[in-house]
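So the structure is just underneath, and the comments pick up after that.
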Amino acid sequence: MTQWSGYLGLIVQGALVTIELTLMGSVLALIMAFLAGMGRLSRFFVLRALATAYIEFFRGTSIFVQLFFAYFVLPLVGLELTPLQAGVLALGLNVGAYAAEVVRGAIQSIGREQYEACIALNLGRWHGMRHVILPQALLVMLPTFGNNAIELLKATSVVSLISLADLTFQAQVVRAQTGNTMVPFATILVIYFILALLISWGVRSLERRMARGLDGVRV
Amino acid sequence: MDWDWNFVWEIMPTLIQGVKITILATLLGSVLAAIVGLGIALARRSPNKAMSRTVGWAAEFIRGTPLLVQLYFIFYVLPDIGILLPPLVAGVIGLGLHYGTYTAEVYRAGIDNVPRGQWEAAKACNLSARQTWSHIIIPQAIPPMIPALANYFIAMFKETPLLSAITVLELMNQAKSVANTYYRYIEPITLVGAFFLAISLCSVVLLRWLERRYGKIER
């Protein structure tokens, strides 16, 4: 008779690591998304070029390769990272590149008349962005951000390959110790799915809250 | 640690071997994803409620869980019930199933975008269901889907390094084995990144062309 309760503890620990990674990765991704997304719309060529290079590089190569690069190659150039740091860095930068395009698209989707209104009211670039454009653009971004967060959650499973003890890693441990493959893998599949459902539910309710008071603004 | 060009040329043949497997897995996976996606899209349109619900939930589940865990599931759990698959086959099935759930949405959108009038006209011309699909709906639905489908195939290409986790000797795995043999990480992993970046940048150019060629439909 296998001691499933003890193994369940392992799985729960793994789930906590996965959640931690998802949260920290999302924060980094959000910061990078706004930096690079606004960078692509900048007046300055250098900023535009930097942002484009960042986005193309991180969207063009696989998350897996980026993670291995962060974990195995960066130490050789003197940047030692723990598995957790490497994971957050790779995940955040990768998903941030995808989300940057969302930010750019959402800002560009705001109608011309809004920008003209900003000029007419003598708002500077920063103030217009902060008080007029972004509040409307955020609402457009949110649903896609939700999808990006789910992609990030799914990508966290890759960090098990650089020996970070997340859900997938713990499932492998349980599998090695019990010889049972079906139960651990089926369990973590369900846990991942529940986490994904939580994210999409959370984003939807956030969207509803932010849309409040904006009725009639968008047609 | 310095970059060593001699070492690069030495390991190049091994990496090229890996590239071939990577491309093979992508191509086979794309074909499978295209077929699976069509199957899911058609099943979800089926008048049989039980069938469309079940397929819808299954697709939602597959989309909400990580590909890596699904690959483990196919490769390690299926043998328990007597289905023993070679690594590459398991990998292709995993990629095809996972991306099939994404392409299903593309098909759905494509079919929904065919105007109602076309269905009614087909009915008015007394075409059978089969004729309606093959002569009216599909020819109009496919071209706008092509860029979106290609987009997912590029995404799939970038996920193929995950196959190394189930012992497929593709590019990433070859690079890792080279790195472990000579204990030099910087060249193999960087080269893998360069390969992926080169191929994805080329495919982005192809994608832009596809978008120009097929993206717009004349109404």
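R0 = 45 Å: FRET efficiency of A:S42 with B:T181, Cβ-based, nearest 0.05? Calculated value: 0.50.
Listed from fewest to most Cβ neighbours within 10 Å, the set A:F64, A:F169, A:F69 follows the order A:F69, A:F169, A:F64. Taking the Cβ-Cβ separation of A:A176 and A:Q114 as r and a Förster radius of 60 Å, what is the calculated FRET efficiency to the nearest 0.05? With a Förster radius of 60 Å, E is 0.55. Apply the a/c threshold of 1.5 to the C-alpha gyration tensor of segment A:11-211 and tell me whether it is rounded, prolate or oblate. Since a/c reaches 1.5 but b/c is at least a/b, the shape of segment A:11-211 is classed as oblate.
What the Cα convex hull of segment B:5-214 gives, in volume per residue, is 139 Å³. Within segment A:53-146, the GluC sites (Glu not before Pro) that combine a DSSP coil assignment with at most 12 other C-beta atoms in a 10 angstrom radius are A:E80.
For segment B:31-110, a Kirkwood hydrodynamic radius built from all Cα pairs, placed in the Stokes-Einstein relation at 4 °C and 1.567 mPa s, yields a translational diffusion coefficient of 99 µm²/s.
As a calculated quantity, the FRET efficiency between B:S46 and A:A53 at R0 = 60 Å, using C-beta atoms, amounts to about 0.80. So which lysines pass the test for B:K20, namely a Cα distance under 30 Å, with those fewer than 8 places away in the same chain ruled out? In chain and number order, the partners are A:K154, B:K158, B:K176.
Think of it as helices only: each DSSP H run of n ≥ 4 in chain A is worth -39500 (n - 2.57), and spread over all residues that comes to -25000 deg cm²/dmol at 222 nm. Counting only Cα atoms, I'd like the Rg/Rh figure for segment A:1-85, Kirkwood definition for Rh. Reported Rg/Rh, Kirkwood definition of Rh: 1.16.
Across all directions, the average flat footprint of the convex hull enclosing the Cα atoms of the protein assembly as shown is 26.3 nm².
Helix-only arithmetic for chain B: the sum of -39500 (n - 2.57) across DSSP H runs with n ≥ 4, divided by the residue total, places the mean residue ellipticity at 222 nm at -25500 deg cm²/dmol.
Any read-out appearing in this document is the output of simple, stated calculations on the displayed coordinates, not a laboratory observation. All values reported here derive from a predicted model rather than from experimental measurement. We place every Cβ from the backbone using ideal geometry, glycine too, and count neighbours over all the protein chains shown.
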